[in-house]
1. To the nearest Å, what is the center-to-center distance of segment A:101-179 and segment A:52-93, using C-alpha atoms only?
2. Would you list B:44, B:101 from fewest to most Cβ contacts within 10 Å?
3. When you look at the Cβ of every residue in B:51-62, what mean number of other chain Cβ atoms sits within 10 Å?
4. Could you check the spin-label model distance between residue B:10 and residue A:212? Points 7 Å from the Cα along Cα→Cβ, value in nm.
5. Give me D for the protein assembly as shown in µm² s⁻¹, whole number, from Stokes-Einstein with Rh from the Kirkwood sum over alpha-carbon pairs, 20 °C and 1.002 mPa s.
6. Under a 10 Å cutoff between Cα atoms, tell me which one of A:53, A:158, A:175 has the largest fluctuation in the Gaussian network model of chain A.
7. To the nearest whole number, what is the average tally of beta carbon atoms from other chains within 10 Å of the beta carbons of peptide A:29-37?
8. Only Cα pairs under 8 Å and at least 6 apart count here; give the relative contact order of segment A:4-51 as a rounded whole percent.
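FYI, it's all coordinate maths here, none of it is from the lab. From a predicted model like this one, the values you see are computed outputs, not experimental measurements. A quick note on method: Cβ atoms are made from the backbone with ideal geometry, for glycine too, and the neighbour counts reach across all protein chains shown.
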Ligand SMILES: Cc1cc2nc3c(=O)[nH]c(=O)nc-3n(C[C@H](O)[C@H](O)[C@H](O)COP(=O)(O)OP(=O)(O)OC[C@H]3O[C@@H](n4cnc5c(N)ncnc54)[C@H](O)[C@@H]3O)c2cc1C
Ligand code: FES
Ligand code: FES
C-alpha cells in the first residue's frame, strides 16, 4: 500500500515498541523543519513516521550533579529562553537564537540537527565544544550514551541505526569559571535565515582571580564536512591572560588552520576572512569585562 | 488517521493523511484560506500560524503534529466582528500593501505580543525575521506593532 503509517508514542516504552519494526522506510520525526522539506523533495509517500514530539518528559531541561540534560524535544526557543542556559552556557543560547527564524526556533530541536549532519549545522560545533553526548535508545529498549563527536561520520551520515532514536543530549555542567560564546558568518539574502559559511564555538575556563585562561576549547563549523577542534588555538590560549593583543594572534592561528583544511580551495577564500572576524567577535564577547 | 485539535477556539475532528501538512488541512479541509503558502520551505513566513502560543510555519508541520494543540490562524484574530488591535494598527500605519505577507506577519506579531506585552524594536525585528515582505520595507509594520503596544497599554491601564 502506498501510504505512510504514523506512530505517536507517548512513553519511551511505546517508542521502543514503534522502533521494533524499523527499516529503511522508517523516519523519526522531531520538529520536522528538515524532514517535511525532504519528504516533499524526495516525494516520500510510504513507510513509517515515528513522531517523537508527543513523548512525555522529553521537553525538559534538567540538571543533576554533573550534567545538564536536554530532552530530545527541547526546542531552540526553549534553550534561548532558559535563564540558566543563557547565563552559564552562553554558546548554546547564542547558537539557538541564530538558527533560522523565530518560527524555526519554535519547532526545531537538537537531535534533528545532529542526525541531519549538515556541514553547516549550527549546533554541531557547540555540542562538540561542550563535549556533549547523546543518549540513544534502540528497539530492544537498551540505551547507550555516545559523544556527538562520534555520532557524526560525515555530511548526512551518522552511526545511528534505523531502530535507534536520540532521547537526550547531555553535557558536563559548567563551572563558575566557564565562559563561552558562539558566532557564525553566513550567506543569505537577509541577516536572518543565514546558513553558516563559518561558525566558531569557544568555551574557556577562566580564573578571574589569577586572570588566567586555564583551558580553552575552540571548534570550527561549516568549513570541513564535520566540525573540528582548532587544536593549535586551544594550546595557544592556555595559561594566557586575556587581552586584546591576543586576538590578532588567535585570528592568525585559526586562519592557518582553516587554510590547511581548505587546501587552497579558491571558492572558499572568503571563509578565511570570516574566521578572522569570528575570532574577534567571540573572544571579545567572552572577555568583554576584563579586556 | 484521526486528528483532534482546536482551531480558533473550535474543537475539530478530521480524518487526515499522515503526509498532509498543517497548511494543507487548514486551507483545503477547513477552508481557512487566510493562511498563505509562499515558499513551502520555511523561508517566507506567509504560512505562519500560532500553535500553543508560539509562531510556527504551517508548511513545515505535519497536520498530525498539531494533535491536541490549540491553533490560531488569521481568521481567529477577529473577535465578535471586531478586528484585533494589531489588525487595526496595521491598517492605520499602512503596513498592508499587496497583503500577501500580512496574515503570516500578523500571526508572528500576535505571538510576540502574547509573550511580551512591551517588546523593544529589536525584539519586534527578531519576531518578524522569518517573515518576508516585498512591499513595505518593514518600517510600517514595526510602527504598527509599536502603536498596538502603546494603545494596548493605554487600554489596559
Ligand atoms: C528556513 C530554515 C532555516 C534553517 N536555518 C538553520 C540554521 O540557521 N542553522 C541550522 O543548523 N539549521 C537550520 N535549519 C535546519 C533545521 O531547522 C535544523 O537542522 C533543525 O535542528 C532540525 O531539527 P528538527 O527537530 O526540525 O528535525 P527533523 O526535521 O524532525 O529531523 C531531521 C532529521 O533528524 C532525524 N531525527 C530527528 N529527531 C531525531 C531523534 N530524536 N532521533 C533520531 N533521529 C532524529 C530525522 O529522522 C531527520 O532525518 C533551517 C531549516 C529551515 C527550513
Ligand atoms: S510557505 Fe511556509 S515559510 Fe514560506
Ligand atoms: S505587503 Fe506585500 S509582501 Fe508584504
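1. First find each Cα centre; the distance between them is then 12 Å.
2. B:44, B:101
3. Taking all residues of B:51-62 together, the mean is 6.
4. The two pseudo-label positions are separated by 7.0 nm.
5. Estimated diffusion coefficient is 92 µm²/s.
6. Top of the fluctuation ranking is A:175.
7. So the per-residue partner count for this stretch is 5.
8. Answer for segment A:4-51 is 63 percent.
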